[in-house]
Amino acid sequence: MMSTLETASVLTKCDSNTPWWGLVVSSIFFAFSIPAVATEPSVLGYERQGQDPADLSGRLIVPMVHSRAALPRTYTEQPQSSTNEAMRLYGSSVLLQLPQQTTERGTLETRLVIQNQRRLQDGSGTETDRMQETYVNPVIAGDIPDPTIIRVGEIYYAAGTSCDFAPHYPLYESSDLINWERIGSVFRDTPNWASDDFWAPELFYRDGTFYVYYTTKRKDNRIACIGVATTKDIRQGFTDHGIIIEWGEEAIDAFVFDDDDGKRYITWKAYGLTDGRPIEILGSELSEDGLSLLGDAFTLTDHSRGWQGAGDEGQCLVKHEGYYYLFYSIGGCCDNRCDYRVKVSRSKNLKFGWEQLPDPILSGGKEWKCPGHGTLVTTADNRHFYLYHAYHATDFEFIGRQGMLDEVEWDAETGWPHFKNGSTPSARAELPFKKTEQKRATVWEADFTSDKNLAFLEWDTNHSKPSIEVANGQLRIKPSDNEIAFVGLRPSTGNYSVQAEVLQGDGMSGIGLYSNQQNYLALMIDRAELILARTKDGTTQVLSKQIIGDRKSLLLRYEAVGGRNCQFSWSENGADWSLINVNNGNPIDANSIIQWGSSPRAGLMTKTQNNSILAFQSLRIEYDFREQPDQRE
């Protein structure tokens, strides 16, 4: 009987000068392994070139294969295989580009093994059909640490940390949990009492009102507190009601929970900065209007009763079959030394009796690192999904902690929860809802003929907000205080490019990668000069300087790989580009500008000493989403 899943072995030959990244399969010979039948595999994008029926030469783009582990065993047994395999993605298919080996004849050979896309005999459809029934993480790409999620009817809402960039706390909306639309921000302007470190917003909804309980530092003493704000229309932003929790040296990471008896509780992390006292997760009843605490606070993590703590934070609560379940995160969260992970405990009483599951239920894998600080949401059909953050193993803090989604299930025998797809973050998982399709925006573009794209542009909240307006097809920025003024976006993935048309003016203007006033990398026009410079800890190093003379405008561009390695170039016409040659043509490493806990932003930068207005004609950011193979450990 014919196997339901056939494999094809493909031997490719190419000229010795052909680079691996530009490999186009020129001669293909198929030899089926189970069984040997004279049938072409119905692969995606196969373009047969030979006229002879025996000549199968052509260009081959094969259906996506998730990982080396997903390839048939015959691949791993090939003597020419090695660990340097690579895949270049093209939409929903992938051109496999595997290692080349020089033979005695001096040619380069590459052996591929692909899965034949014959319809499976069990009637379950093709492998491609199955791929279309899954989604790829992250579901919210780019830097969105500490995500929160709620459901209101059939619509889901999410928000996340914005650190020291405004507008504060980006807001998203979705109907299917995998496609998220940016709809605004919690605060367009900074609350009067707040200063910096805008962390861990927690959304809540009750009786027609949206609440957000958020962490930031007081302006007068810079102690982290929890504030509260409300709105009837989440797309119109929130009205601030000030501080609701101030607890010693620190109160962060709020979570709000409605119990079965109608009482509402808020929990938070305390004592993280108190010498000689372990961190605790505290709780308190909330008032009916949700704007103040009632009664005395209590601890959910009582160390005197045997609680084993490890920096517990980022908690959320859910009640399931008589138990309260506390999901929480432990370990280091926020740089490339992190070891963040998710644990769970349970109790039949909210205020005591917590039993801890010893091992984490979610830890970093090969592809996604340091998962945690998430929130559970329950679907209308009573399934549970956890929206959390994690670092990509390559892009890491250059792109930041991205929004991930995984389903949680409960063990029928023990009652303990576990993640449906294993104990490491899913690269790909089953769609939460059938007949949905995940989409990604690969281009963000503004020609400044209107101000529709201005709402989501970010700036540094630690410095004066630059004056920004759109007029006559231009974005006009007026810096203040003789400082670098930044306006830009959170990059969505590590491989991307930024391009802007910059008008020559009385000051410095250009594009760059920005962490803060003391740390950035920028290519800027300074009147008749084009300057590429890197600023680290306030000290600027000029990497390149060239005379460009008087020009009306110039196109500037940089391309990033892994969010880290950047190459800058310029053009007069958009067709012919001149590379800024630094480091013998090698990319510039942006590692020096990285700051703890926050990813750099990409966009426009200006500086002037006489309050001049500097203008831009366009801004375009292109993303190369390369689906990551599932490398679950």
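The values are calculated or read from the model by the stated rules, or taken from the named source; none is laboratory data. These figures come from a predicted structure and were not determined experimentally. Methodologically, a virtual Cβ is constructed for each residue, glycine included, from the backbone with ideal geometry; neighbour enumeration extends over all protein chains shown. With ligands, DNA and RNA removed, areas are computed over all heavy atoms of the protein, side chains included. Shrake-Rupley method; radii C 1.70, N 1.55, O 1.52, S 1.80 Å.
Packing around the peptides 453-460, 311-318, taken as the average count of other Cβ atoms within 10 Å per residue, puts them in this order, highest first: 311-318, 453-460. Protection proxy ranking for 396-409, 346-359, using the average of other Cβ atoms within 10 Å per residue and placing the highest first: 396-409, 346-359. Of the solvent-accessible surface of the stretch 143-430, computed with a 1.4 Å probe and all protein chains present, 43% belongs to carbon and sulfur. Computed extension gain for residue 206 through residue 622, at 0.36 nm per residue and net of the alpha carbon distance, reaches 145.8 nm. Expressed in Å, the radius of gyration and Dmax of the Cα atoms of the stretch 143-430 are 17.6, 53. For the stretch 496-503, putting each phi into the Karplus relation 6.51 cos²θ - 1.76 cosθ + 1.60 with θ = phi - 60° gives couplings of 7, 9, 10, 9, 9, 8, 10, 8 Hz, in residue order, rounded to whole numbers and with x for Gly and Pro.
The share of Cα pairs per 10 Å bin across the stretch 532-573, counted from zero up to the longest distance, runs 21, 45, 30, 5 percent.
Cα extents for the stretch 443-623 along the principal axes, largest to smallest and rounded to whole angstrom: 39, 37, 33. Sorting 151, 601, 490 by solvent-accessible area of protein heavy atoms yields 151, 490, 601, largest first, with a 1.4 Å probe.
In the structure displayed, which of 369/420; 263/319; 319/434; 232/269 lie more than 24 Å apart, Cα to Cα? List each step's numbers first, then the result.
Values: 369/420 18 Å; 263/319 13 Å; 319/434 27 Å; 232/269 28 Å.
319/434; 232/269, as the Cα separations exceed 24 Å there.
Grab the stretch 443-623 and count how many Lys pairs have their alpha-carbon atoms under 18 Å apart, sequence gap of 8 or more, or different chains. All intermediate terms of the calculation are to be shown ahead of the outcome.
Numbers: 465/478; 465/607; 478/607; 536/607; 545/607.
Taking the Cα cut-off of 18 Å, the pair count is 5.
Could you tell me the calculated FRET efficiency between residue 293 and residue 482, based on Cβ-Cβ distance and R0 = 51 angstrom, to the nearest 0.05?
0.70
Go through 180, 596 and list them by solvent-accessible area, largest first, probe radius 1.4 Å.
Values: 180 40, 596 150 Å².
Sorted by accessible area, descending: 596, 180.
Using 0.36 nm per residue and subtracting the Cα-Cα separation, the extra length available between residue 576 and residue 155 on full extension is 146.9 nm. Residues in the stretch 400-417 carry Karplus couplings, in order, of x, 7, 9, x, 10, 9, 9, 8, 10, 10, 10, 5, 5, 8, 8, x, 7, x Hz; the curve used is 6.51 cos²θ - 1.76 cosθ + 1.60 with θ = phi - 60°, and Gly or Pro positions show x. Between residue 320 and residue 433, the distance separating the two model label sites (each 7 Å from Cα on the Cα→Cβ line) works out to 2.2 nm.
Determine, for each peptide in 508-517, 224-233, the mean count of other beta carbons within 10 angstrom over its residues, then list the peptides with the highest first. Working shown, then result.
On the way: 508-517: 24.5, 224-233: 18.8.
Peptide ranking by packing, descending: 508-517, 224-233.
Taking all protein chains as they are arranged and a probe of 1.4 Å, the heavy atoms of residue 536 leave approximately 90 Å² accessible to solvent.
With Cβ to Cβ distances under 13 Å as the rule, what net charge do the other residues near residue 559 carry (K, R +1; D, E -1)?
Values: positive: 557, 564, 620; negative: 622, 624.
That sum, taken over residues with Cβ under 13 Å, equals +1.
One compactness figure for the stretch 508-589 is 1.06, namely its Cα radius of gyration divided by 2.2 N^0.38 Å.
Summing Cβ point charges (Lys, Arg +1; Asp, Glu -1) relative to the Cα centre of the stretch 429-487 gives a dipole of roughly 340 debye. How large is the accessible surface of residue 343 in square angstrom, using a 1.4 angstrom probe and rounding to the nearest 10? Near enough 30 Å² of accessible area. You can think of it this way: the chain between residue 349 and residue 336 has 0.9 nm of extra reach, that is 0.36 nm per residue less the Cα-Cα gap.
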